[in-house]
1. Pull out all pairs, ordered by first then second residue, where Cβ-Cβ is under 9 Å, the residues are six or more apart or on different chains, the first lies in the range 300-321 and is polar (S, T, N, Q), and the second is loosely packed, with under 13 Cβ neighbours inside 10 Å.
2. Taking the range 218-238 as the search range and keeping residues that are at pLDDT 95 or above and under 21 Å from the mean Cα position of the chain (by Cα), which one is nearest to G195 (Cα to Cα)?
3. Restricting to the range 282-320, give me the number of residues that are over 23 Å from G258 (Cβ atoms), of a type in the set (A, V, I, L, M), out of contact with any Pro (no Cβ under 8 Å at 6 or more places or on another chain) and surrounded by fewer than 24 Cβ atoms within 10 Å (Cβ to Cβ).
4. What is the residue count in the range 35-60 for residues that are touching a Gly at 6+ places or on another chain (Cβ under 9 Å) and surrounded by 14 or more Cβ atoms within 10 Å (Cβ to Cβ)?
5. Quick check, is V205 in the same structural domain as I300 (by TED's automatic domain parsing), touching a Phe, Trp or Tyr at 6+ places or on another chain (Cβ under 8 Å) and under 20 Å from V193 (Cα atoms)?
6. Only one of P63, P27 is out of contact with any Cys (no Cβ under 7 Å at 6 or more places or on another chain), surrounded by fewer than 18 Cβ atoms within 10 Å (Cβ to Cβ), not in a helix (DSSP H, G or I) and not polar (S, T, N, Q). Can you tell me which?
7. Name the residues in the range 39-76 that are in contact with a Pro (Cβ under 9 Å, 6 or more places away or on another chain) and either among the hydroxyl-bearing types (S, T, Y) or without any contact (Cβ under 8 Å) to a residue 24 or more places away in the chain (or both), would you?
8. Whether any residue in the range 269-287 is touching a residue at least 24 places away in the same chain (Cβ under 8 Å), in contact with an Asp or Glu (Cβ under 9 Å, 6 or more places away or on another chain) and basic (K, R) is what I want to check.
Amino acid sequence: MLYRDRVGIGRYIWSLQDALAEIPDAPPLTLLVDPRARMTGARVPVRRLAVPARHRLEAVMLPWQLQRYKVVHFPDHGVPRGAWGRSLVTVHDLSFLINPESHSPSSCAYYGAAVRTLRRAGHVITVSDYVREQVLTRGLAEPARVTVVYEAPALRANGDTATPTPPAGRPYALTVGTVQPRKNIARLAEGFVRGCAADDLELLVVGGLGWRGLEIVRAVRTLPGAERVRFVGRVTDATLGRLLAGAEFLVMASLDEGFGLPLLEAMSRGVPCLAARAGALPEIGADAVLYADPTDVHAIAAGIAQLASSADLRHQLGERGRLRARAFDWRRAAVATAALYRQLL
């Protein structure tokens, strides 16, 4: 996942290894990476695997490369083919089971098979109570083997100023996430142009194109008022930090989220947020966020109109969000994860 993109699961891996390096009594760690990954700045020793993840030879090559380790942590939903021994697996969401129509058939097949391996794992981490409940409801693991370890804000600036920024002086709202059906961008865009019809606001969509991404962009382009929705694409951490700092508010209208890191990143910076009443988003946002039904364009529009029209509401939610975000800390996550490593040793 670090080779593909340092967002989502990649950001989780990178932030966790960084925090684990600060834990004095953590077991000695090695970060095993895809042979194609360019690795700089890791806080723990790095070792490249012989073949890429999901390669046809993985089942043959992986076992002998893992034999020197007492415990292996697999951060991407399941135990890979050929892996054996004591293991810890992180499950980030089960949206491929909950909303399979929002994922490609190949993604559903791969991740569906991955989570069926959880019975082979020594222990399972879920990133929210919501995901833990889904894992248990589907009988993928027993309650005693599933522990919730929350993620935390992880955004760091890297000094890159080359990525385009919004037009000077024009206010904007923000949504962050890969452009794919699960992120519900088409409904969000429609709700935005309806909810902000009387305001001079833009909606910036930050994130790369995923499955059916071009189809979603084309659908948004047909909307009345679509010129106020701008697809920015992927940006650096530094640019995302600046975009968050300047946003009037953030909207996260996903149909399902196992955690919702962009929501937490915005809250930690005092950015007011509107989120879908779906998945783990209400668990993470609690009473610091405004919510709407993600399947109802009118509800999304109403929530956006509330935020756009009330500076007092934006201020209140910004302050609540900043306070709520303090409950999530990578050091705390690293301590809990290291304790599970020791438990499995």
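The values are calculated or read from the model by the stated rules, or taken from the named source; none is laboratory data. All of these numbers come straight from a predicted model, not from anything done at the bench. Positions of Cβ are generated from backbone atoms using ideal geometry, with glycine treated the same way; all protein chains shown enter the neighbour counts.
1. Between residues of the range 300-321 that are polar (S, T, N, Q) and residues that are loosely packed, with under 13 Cβ neighbours inside 10 Å, the close pairs are S309/A198.
2. My answer is F231.
3. Total meeting the criteria: 6.
4. Looking only at that region, the number is 1.
5. Here the answer is yes, as V205 does meet what is asked.
6. P27
7. P45, R48, L49, A50, V51, A59, L62
8. The answer is no; no qualifying residue exists.
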